[in-house]
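Q: Pasting a structure below so you can have a look.
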Amino acid sequence: MKAASAAVFRKGIDGDGDGDEEEEEVCNVFDGGEVESQTTSKRSNDTKNLKGFFTSLLLMEEHEKQDQEARNAASRREMSDFQSNYRKRARTMSDYYSDLNDYYADAEESVDISRKKSRVSRAVASVSAAATECSEMEAESVEVTGSGSGRGTGTGQQRRLWVKDRSRAWWEECTRSDYPEEDFKRAFRMSKSTFELICEELNSAVAKEDTALRNAIPVRQRVAVCIWRLATGEPLRLVSKKFGLGISTCHKLVLEVCKAIKDVLMPKYLQWPDDESLRNIRERFESISGIPNIVGSMYTTHIPIIAPKISVAAYFNKRHTERNQKTSYSITIQAVVNPKGVFTDLCIGWPGSMPDDQVLEKSLLYQRANNGGLLKGLWVAGGPGHPLLDWVLVPYTQQNLTWTQHAFNEKMSDVQRVAKEAFGRLKGRWACLQKRTEVKLQDLPTVLGACCVLHNICEMRDEKMDQELMVDVVDDEVFPENALRSVNAMKARDTISHNLLHHGLAGTSFM
């Protein structure tokens, strides 16, 4: 309105036009104000329309985001279903392959050629059926993932699996409550109570769940397969017949249970003694030999093996070959034993061509004793093949020994006898250590470690062993090139020898 008045006022001052022109000008001025108000209204409408556009755009983006999340969730479900069905197919084919291997192993014993051909045809038919089932399972998986429905196949059909019918009568007889204790101990080298203890300890490590194709083998049978195989050393073919399982299944069970024993039981039943136990061990060894501060008897034995495919020369045992007049290959077990015959330290798996002193240098005990002061002021009693160290006490090995040195060697032999008898019981209980085993070289340390742990359990539980099972351990010891490596140890050994003889502790058998 102020703009219109100003326009009229300026027009009146000019005074050049007539009245009509003045009226027309005034009308134009007011028409301009109306146009401005219309423009403002139009801008307001445009702003509202723009806000509505952006709101619609945000809603579209939100809907698209929700659709994408739904697609991702569906994709994850499809992938999960696919992986589940893939695992089922893989397990099915693995089981059929295992059964086929069992068939071929059993077929070698059969003499009837026609029966062999018939069984082969059935095995081929079963594999074909397995392939058909797997293809059907894959088709069902595609249907499920395409429709996005549940994870099952939806058929409800009971799957059939070809499994050879084997007798389990012997094992079922062993599991009876009235089965004689002596017969059980003769078969498994331990009492029923010790066997049940081991099964209970290993339950969580070896237990398996039932599947749609077959029931899982019980824990007690799994453990029994392993222990009977280690105790008897019989081939897997006979283990298979005893327990009514496939040969490949028995082989797998032995390795699985041995690994469980090593992982679960070894930290509990094979460990270095604490201070209280060391004091008791020292007193016991001193009562045996008269030598103070001995905390263990160390011995290294050899386990025969089949000639390996690699590094054959490293495992060739020259001394056993010359003594037995038969080519021998072996790996070593070095152990420290307490007075009860329990292993307190192990070093397993070094090649049989290595002498005892080199095996000792490779062991963790050597590193801990030399660098960590594990045996400061204490002795581990070694044999003639070990070097004299600040913590390893060995007998005199030079020629023309004095009476004092003979007396000392006699007492050292008493300490060494503890370790040799422990290895005699180890090899007697677990006959698999007396012959070349079918186990692969890379799996042998696990199997040997399991035998040592089971030995410790039997010794700790005072499991008596038949004397007829005892093995005389004979390992040809080679004198180390550098047998005297500590001056202080030489002086300490001479002092001990003097005390044994002149304090009346040496006896007279050396004379």
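The values are calculated or read from the model by the stated rules, or taken from the named source; none is laboratory data. Keep in mind that this is a model prediction, so the values were computed, not measured. Neighbour counts are summed over all protein chains in view; Cβ atoms, including those assigned to glycine, are modelled from backbone coordinates with ideal geometry. These area figures cover heavy atoms from the full protein model, side chains too; ligands, DNA and RNA do not enter into them. Shrake-Rupley method; radii C 1.70, N 1.55, O 1.52, S 1.80 Å.
Q: May I ask you to list pairs of residues, at least six apart or on different chains, whose Cβ atoms are under 8 Å apart, with the first in segment 303-324 being under 18 Å from V473 (Cβ atoms) and the second being open to solvent by 50 Å² or more (accessible area, probe 1.4 Å) and part of a helix (DSSP H, G or I)?
A: I305/L441
Q: Going by the structure shown, is T232 hydroxyl-bearing (S, T, Y), within 30 Å of M412 (Cβ to Cβ) and over 19 Å from the mean Cα position of the chain (by Cα)?
A: The answer is no for T232.
Q: Which condition number does S167 fail, the rest of (1) within 12 Å of A224 (Cα to Cα); (2) in contact with a Gly (Cβ under 6 Å, 6 or more places away or on another chain) being met?
A: In the conditions (1) within 12 Å of A224 (Cα to Cα); (2) in contact with a Gly (Cβ under 6 Å, 6 or more places away or on another chain), S167 misses (1) alone.
Q: Quick check, is K411 under 15 Å from S297 (Cβ atoms), charged (D, E, K, R) and buried (at least 17 other Cβ atoms within 10 Å of the Cβ)?
A: yes
Q: Is one or more of the residues making up segment 249-268 over 19 Å from the mean Cα position of the chain (by Cα), over 30 Å from K411 (Cβ atoms) and open to solvent by 60 Å² or more (accessible area, probe 1.4 Å)?
A: no
Q: State whether one or more residues within segment 480-500 are under 37 Å from the mean Cα position of the chain (by Cα) and either at pLDDT below 95 or among the basic types (K, R) (or both).
A: Yes - at least one qualifying residue is present in segment 480-500.
Q: Do we find a residue being outside any helix (DSSP H, G or I), open to solvent by 40 Å² or more (accessible area, probe 1.4 Å) and not small (G, A, S) anywhere in segment 453-461?
A: Within segment 453-461, one or more residues are outside any helix (DSSP H, G or I), open to solvent by 40 Å² or more (accessible area, probe 1.4 Å) and not small (G, A, S).
Q: A follow-up question, please. Considering E463, E477, which residue is over 25 Å from W272 (Cα atoms) and in the same structural domain as Y329 (by the TED database)?
A: E477
Q: Something else about it: Given the options R282, R237, name the one that is more than 20 Å from V453 (Cβ to Cβ), surrounded by fewer than 17 Cβ atoms within 10 Å (Cβ to Cβ) and touching a residue at least 40 places away in the same chain (Cβ under 8 Å).
A: Only one candidate qualifies: R237.
Let's see how each residue does on (1) closer than 23 Å to N482 by Cβ; (2) outside the structural domain of G290 (by the TED database); (3) within 29 Å of the chain's Cα centre (by Cα):
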residue: N324; (1), (2), (3): no, no, no
residue: T332; (1), (2), (3): yes, no, yes
residue: V337; (1), (2), (3): no, no, yes
residue: T344; (1), (2), (3): no, no, yes
residue: L364; (1), (2), (3): yes, no, yes
residue: N370; (1), (2), (3): yes, no, no
residue: G377; (1), (2), (3): no, no, no
residue: G382; (1), (2), (3): yes, no, no
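Q: Here's another thing I want to ask about it. Check M470, M490, M465 and return the single one that is out of contact with any Pro (no Cβ under 7 Å at 6 or more places or on another chain), hydrophobic (A, V, I, L, M, F, W, C), over 26 Å from K340 (Cα atoms) and touching a residue at least 24 places away in the same chain (Cβ under 8 Å).
A: It is M490.
Q: Going by what's in this entry, would V473 be described as open to solvent by less than 30 Å² (accessible area, probe 1.4 Å), β-branched (V, I, T) and more than 16 Å from L230 (Cβ to Cβ)?
A: Yes, satisfied.
Q: Going by the structure shown, is R436 in the same structural domain as V487 (by the TED database) and either part of a helix (DSSP H, G or I) or surrounded by 20 or more Cβ atoms within 10 Å (Cβ to Cβ) (or both)?
A: No, not satisfied.
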